[in-house]
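J.: First the structure, which I've put down as C-alpha cells, then a few questions once you've had a look.
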Amino acid sequence: MSKKVLVVEDDPKNLKLFRDLLQRFGFEVTEATDGEMGVEAARSGQPDLILMDIMMPKMDGLEATRIIKADPETKHIPVVALTSFAMSGDRERALSAGCDDYIAKPVDVHQLIGTVQGFCRQGVGK
C-alpha cells in the first residue's frame, strides 16, 4: 500500500516538481494550493505526511499547520515545512507552529525524499 503525501504549495512549478518526484518514488500525492485547501485536504484525505509551503495566499502554512495540529482528527499527521525563507529564526517559527521538520528551498531532492521516506517509515500517520 502506497503512502499518501499531501503537498500544499501555491507555485505551480514547485507543485509539479514535488508531485512528479514523489510519484516516481511510489507515493500517492494529493495537492492543495493554499492553506485553507490544505487544512480541508488533511481532514478529508488523512495523508501520512504533509509537505507545507509557508508563504501562500489566503492562509499561510504556519497558520494551516496550527489548525491541523489543534484538530484531534489531524494532529497525528506529521507536517514538514517547505520555505524559501531560510533566515535566522524561520526554522524555530516553523517548529513552534507545530511543524515536525523544516526544509529550505530550493529543495535538495535527496534530502526531500529521505525526509518523506523517514516520516512514512515511522508510520506516524494513520
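The values are calculated or read from the model by the stated rules, or taken from the named source; none is laboratory data. If you're wondering where the values come from, they're calculated on a predicted model, not measured in any experiment. Every residue, glycine among them, receives a Cβ derived from its backbone with ideal geometry; neighbour counts consider all protein chains shown.
J.: Please verify whether residue 30 is more than 18 Å from residue 103 (Cα to Cα), polar (S, T, N, Q) and under 12 Å from the mean Cα position of the chain (by Cα), treating the condition exactly as stated.
T.: Values: more than 18 Å from residue 103 (Cα to Cα): yes; polar (S, T, N, Q): yes; under 12 Å from the mean Cα position of the chain (by Cα): yes.
Yes: the conditions hold for residue 30.
J.: So residue 22 passes all but one of these: (1) modelled with pLDDT under 95; (2) within 14 Å of the chain's Cα centre (by Cα). Which condition number does it fail?
T.: (1)
J.: Give me the pairs: first residue in region 7-29 and within 21 Å of residue 77 (Cβ to Cβ) and free of Cβ contacts under 8 Å to residues at least 40 places away in the same chain, second residue surrounded by 15 or more Cβ atoms within 10 Å (Cβ to Cβ) and of a type in the set (Gly, Ala, Ser), beta-carbon distance under 7 Å, and six or more apart or on different chains, which are they?
T.: none
J.: Does residue 52 qualify as being of a type outside the set (Ser, Thr, Tyr), at pLDDT 95 or above and in a helix (DSSP H, G or I)?
T.: Details: of a type outside the set (Ser, Thr, Tyr): yes; at pLDDT 95 or above: yes; in a helix (DSSP H, G or I): no.
No; evaluated as a whole, the condition is false for this residue.
J.: Another one. For the structure I just gave you, tell me whether residue 28 is crowded, with 17+ Cβ neighbours inside 10 Å, in contact with a Lys or Arg (Cβ under 6 Å, 6 or more places away or on another chain) and among the charged types (D, E, K, R).
T.: When the stated conditions are applied, residue 28 does not pass them.
J.: Another question, if that's okay. For region 56-81, which residues satisfy the criterion of being surrounded by fewer than 24 Cβ atoms within 10 Å (Cβ to Cβ) and within 17 Å of residue 18 (Cβ to Cβ)?
T.: 56, 78, 80 - these are the residues of region 56-81 that are surrounded by fewer than 24 Cβ atoms within 10 Å (Cβ to Cβ) and within 17 Å of residue 18 (Cβ to Cβ).
J.: Out of all the residues in region 106-126, which are modelled with pLDDT under 95, closer than 16 Å to residue 14 by Cα and crowded, with 16+ Cβ neighbours inside 10 Å?
T.: 107
J.: Restricting the search to region 63-99, which residues are touching a Phe, Trp or Tyr at 6+ places or on another chain (Cβ under 7 Å) and part of a loop (DSSP other than H, G, I, E, B)?
T.: Selection gives 78 alone.
J.: Moving to a separate point now. Among 10, 34, 53, 20, which is the only one that is crowded, with 23+ Cβ neighbours inside 10 Å and of a type in the set (Asp, Glu)?
T.: Only one candidate qualifies: 53.
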